[in-house]
Amino acid sequence: MRVPVVVPVVLVVVLAACGASPTMQAGHDPVLKVGAIISQTGVYAALGDDMETAMRLYLDEHGGRLGGRPAALLVADDAGNPETGGQRARQLIDHDGASVITGLLSSPVALTVVRQAGGVPVVIANAGADGLGGPGVYRVSFTDHDQGFAAGKYAAEHYGTSGAVLMAPDYTAGTETLDGFEAGYGAKALKRILTPFDRTKDFAPYLAQIPADAKFVYAFYAGGEAITFARAFSAAKVPLLACQHLADEDVTQAVGPDADGMTSVGMYAPTLTNQDNTAFVALWRSRTGRNPSVVAVQGWDAMRMIDLAADKGGDLARALSQIHDIPSPRGPLHFDATHNPVQNWYVRQYQNGENRVLSTISPGSE
């Protein structure tokens, strides 16, 4: 879904003549412009669809306003490419007058966009790279370390501290998540099997590398790669512990019955019983006819954080720094001193078309 952006030429010329910076221009615009850099093409396109749908749904439900101010969502496709993402960020800021940048599915893209953003705040709705951060950078998703760590804690308790095999694509999110897993697991994995990112079409040769004495495989994959991996893994003779995106709604629907029984560790499940989630699931189903994904919740929460900050008035970057927690369908969501989320993680099992929560891993257990 793309919204055409028409910038009044006369306005741009006048502001440029006055020497106004992009940030100052955005501050004087009666419309709060939210620039969302989302993968509309490439390996994460399906995730991008959910993220954009959630952001537009939030804006629709709030009468097209954020913090009581008229708002517009300006979406740009990064195509999963860091250089493209950086270019889109500059365009959204310099030419379209975005007051804040959000979206950002891929960690390599997010790292580039953060460098390009200058003084414009960035609210990360998915990318988990541990190194993301700094002044003006806020994250409503998770860090790669925290995702892997929670899964490692569960694996040590459920499978014992030996016999783990780890699999992931060979890029930032994959390797950092596996590092986090080993930290939580408390022991070295039996083997790491890394696959070329966004280029692996046949996983059989890599699955053949799983040692015969493996007790289980912990795997990180997302988007199109997750679907391909899950279909291939259904023939394996070893239990699978999945990351949250590998067992998310887009994957389980595409894989079908072979996804039944898949156990995963993630920070959300549509079956969570809290007031925010009940309302969100009902709203999402009314719009899409299916359950919301992790990425949908993250997109929704990114808009909610911007909404709460805008409601404070004044400088948006300063207001964002004053948001210490937000209500979320995932349950309690707080932010630490580095603007990263502190949240529950859930052990989930896919049963009868839904991820059902088996147990909760609280932040204190990490």
Handout entry: For PHE216, distant residues with modelled amide H under 5 Å away
Key = VAL165
Practice task
Rounded to the nearest 500, what is the 222 nm mean residue ellipticity of the chain from helices alone, with -39500 (n - 2.57) per DSSP H run of 4+ residues and division by all residues?
Solution key: -12000 deg cm²/dmol
Fill in the blank from the handout: Applying the gyration tensor rule to the Cα atoms of the stretch 217-267 (axes a ≥ b ≥ c; rounded if a/c under 1.5, else prolate if a/b exceeds b/c, else oblate), the class is rounded
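At R0 = 45 Å, how high is the FRET efficiency between ASP325 and ALA254 if r is their beta carbon distance? Nearest 0.05 is fine.
Working: r = 34 Å, r/R0 = 0.76.
It comes to 0.85.
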Problem - FRET efficiency for GLN209 and ARG287, using Cβ-Cβ distance with R0 set to 56 Å, rounded to 0.05 - result: 0.85
Exercise for the section: Ratio to report: Rg/Rh of the stretch 259-366, with Cα atoms as the point set and Rh obtained by the Kirkwood method; give two decimals. Expected result: 1.01
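Excluding GLY118 itself, what net charge comes from residues whose Cβ is under 11 Å from its Cβ, given Lys and Arg +1 and Asp and Glu -1? Show your work: numbers first, answer last.
Working: positive: ARG90, ARG115; negative: ASP94.
Net charge around GLY118: +1.
State whether the stretch 36-148 is rounded, prolate or oblate according to the following rule on the C-alpha gyration tensor (a ≥ b ≥ c being the square roots of its eigenvalues): a/c under 1.5 gives rounded; otherwise a/b larger than b/c gives prolate, and the remaining case gives oblate. Don't skip to the end; give the middle numbers.
On the way: a/c = 1.37, a/b = 1.26, b/c = 1.08.
Verdict is rounded for the stretch 36-148.
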Exercise for the section: Run through every distinct alpha carbon pair of the stretch 205-308 and return the Kirkwood hydrodynamic radius in angstroms, one decimal place. Expected result: 15.1 Å
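Expected output is a single nm value to one decimal: the length gained when fully extending between LYS188 and GLN275, i.e. 0.36 nm times separation in residues minus the C-alpha distance. What is it?
Values: separation 87, 0.36 × 87 = 31.32 nm, distance 4.03 nm.
Result for the pair: 27.3 nm of gain on full extension.
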Fill in the blank from the handout: Ordered by number, the trypsin sites (Lys or Arg not before Pro) in the stretch 30-80 that occupy a DSSP loop and have at most 11 other Cβ atoms within 10 Å are none
Problem - Cross-link partners of LYS33 among lysines (Cα-Cα below 30 Å; sequence separation of 8 or more within a chain) - result: LYS312
Fill in the blank from the handout: Quarter of the surface of the C-alpha convex hull for the stretch 191-236, i.e. direction-averaged projected area in nm², equals 3.2 nm²
Fill in the blank from the handout: The long-range amide H neighbours of MET267, using H built 1.01 Å from N in the peptide plane and a cut-off of under 5 Å, are TYR346
Handout entry: Peptides 274-282, 290-298 ordered by average Cβ neighbours within 10 Å, highest first
Key = 290-298, 274-282
Exercise for the section: Just tell me which lysines come within less than 20 Å, Cα to Cα, of LYS191; anything on the same chain fewer than 8 places away is out. Expected result: LYS153, LYS215, LYS237
Practice task
Determine the shape class of the stretch 317-359: with a ≥ b ≥ c the square roots of the Cα gyration tensor eigenvalues, call it rounded for a/c under 1.5, and otherwise prolate if a/b is greater than b/c, oblate otherwise.
Solution key: prolate
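For SER234 and ARG356 in one chain, what is 0.36 nm times their gap in residues minus the Cα-Cα distance, to one decimal in nm? Could you put the intermediate results ahead of the total?
On the way: separation 122, 0.36 × 122 = 43.92 nm, distance 1.99 nm.
Difference between extended and current length: 41.9 nm.
What is the Cα radius of gyration of the stretch 94-145 over 2.2 N^0.38 Å, N being its residue count? Intermediate results must be reported in sequence, preceding the final value.
Values: Rg = 10.3 Å, N = 52, 2.2 N^0.38 = 9.9 Å.
Taking the Cα Rg and dividing by 2.2 N^0.38 Å, one obtains 1.05.
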Exercise for the section: Starting with the highest mean, order 42-48, 57-63, 170-176 by the number of other Cβ atoms within 10 Å, averaged over the residues of each peptide. Expected result: 42-48, 170-176, 57-63
Practice task
Please report the relative contact order for the chain, taking Cα pairs under 8 Å with a sequence separation of at least 6, and give it as a percent rounded to a whole number.
Solution key: 16 percent
Exercise for the section: Determine the percent antiparallel among the DSSP beta bridges restricted to the chain, to the nearest 5. Expected result: 35 percent
Exercise for the section: Rank by packing, highest mean first: peptides 132-140, 194-202, 105-113, with packing defined as the count of other Cβ atoms within 10 Å averaged across residues. Expected result: 105-113, 132-140, 194-202
Fill in the blank from the handout: The alpha-carbon pair-distance distribution computed for the chain, with 20 angstrom bins and whole-percent values, is 31, 56, 12, 1
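No value in this document is a laboratory result; all are computed from the given coordinates. As the structure is a prediction and not an experimental result, all values here were calculated from the model. Every residue, glycine as well, gets a Cβ built from its backbone with ideal geometry; the counts of neighbours run over all protein chains shown.
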